[in-house]
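The values are calculated or read from the model by the stated rules, or taken from the named source; none is laboratory data. A quick note: this is a predicted structure, and the numbers were derived from the prediction, not measured. We place every Cβ from the backbone using ideal geometry, glycine too, and count neighbours over all the protein chains shown. These accessible areas exclude ligands, DNA and RNA; they are computed on the full protein's heavy atoms, side chains included. Shrake-Rupley method; radii C 1.70, N 1.55, O 1.52, S 1.80 Å.
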Amino acid sequence: MRKIGIMGGTFNPIHMGHLLLAQWALDEVKLDEVWVMPTGVSYLKAGRDVTAPEDRYHMACLAVQNNEKFRCCDMEIKREGYTYSYETMIELHDRYPQDHFYFIFGADCLFSIENWKCPEQIFANCTVLAAVRGDMDTEAMQSKIEELKQKYHADIMLLPFMQLEISSTDIRERINMGKSVRYLVPDDVIAYIEEKGLYQNEVK
Ligand code: ATP
Ligand code: MG
């Protein structure tokens, strides 16, 4: 049985915060691999102008290519329609019945996950690995975890992580203003962004 971390996100673009969290999860939870999985069209971000899935996927592939434990997965961008995490977890479970999946996301999502589509299917098919950024108040979080465990038989682990003020939003803005994103984004990804002219003329 492999232990595989699934790191979902828009990755518009992927940045060092994402990669550091993936590496952190790999080491702390002793995962065998982490699969970075860019979303197709998220219903949460529908109507907003998000970079083409193929570009976001390509950038994620470039970002993970020199780490033999990281993979980039196109399962969500290939699926028709909106992306729902529960469908991904079911599909992973069906396709790789021997493996165990850890769904990595920010611990703040524990407070909204019940509003996602079919949260019970998420909990039924993976362990949730909730990254705690910096010294967040864990008291409210612990009681939320207890509640989710009771209600869904959820398997939830907290992953203490560090506070990194890096976001894709900020990176897009920097590029738009002609500032450098070196050391925030891997070099190969920067080269791709420049080649394709991504984020350069975004209207606010
Ligand atoms: P945006 O600014 O467009 O919302 P983002 O930087 O938050 O982008 P996402 O693609 O939305 O990136 O996030 C994917 C996953 O990575 C989420 O689970 C999110 O919690 C996590 N993540 C994003 N930025 C960081 C960071 N700086 N440190 C730790 N985790 C992060
Ligand atoms: Mg975000």
Item to complete: Being closer than 19 Å to residue 12 by Cβ and more than 16 Å from ligand 2 (Cβ to nearest atom) narrows it down to one of 170, 187, so name that one.
Response: 187
Response to the item:
If we ask which residues in the stretch 10-34 are assigned to a strand (DSSP E or B) and either buried (at least 22 other Cβ atoms within 10 Å of the Cβ) or touching a Leu at 6+ places or on another chain (Cβ under 7 Å) (or both), their number turns out to be 1
Fill in: helices (runs of 4 or more DSSP H) within the stretch 107-204 that include 2 or more residues without any contact (Cβ under 8 Å) to a residue 12 or more places away in the chain and open to solvent by 10 Å² or more (accessible area, probe 1.4 Å)
138-152, 168-176, 187-196
Worksheet item: In the stretch 70-87, what residues are touching a strand residue (DSSP E or B) at 6+ places or on another chain (Cβ under 7 Å) and either modelled with pLDDT under 95 or not in a strand (DSSP E or B) (or both)?
Response: 73, 75, 76, 77, 82, 83, 85
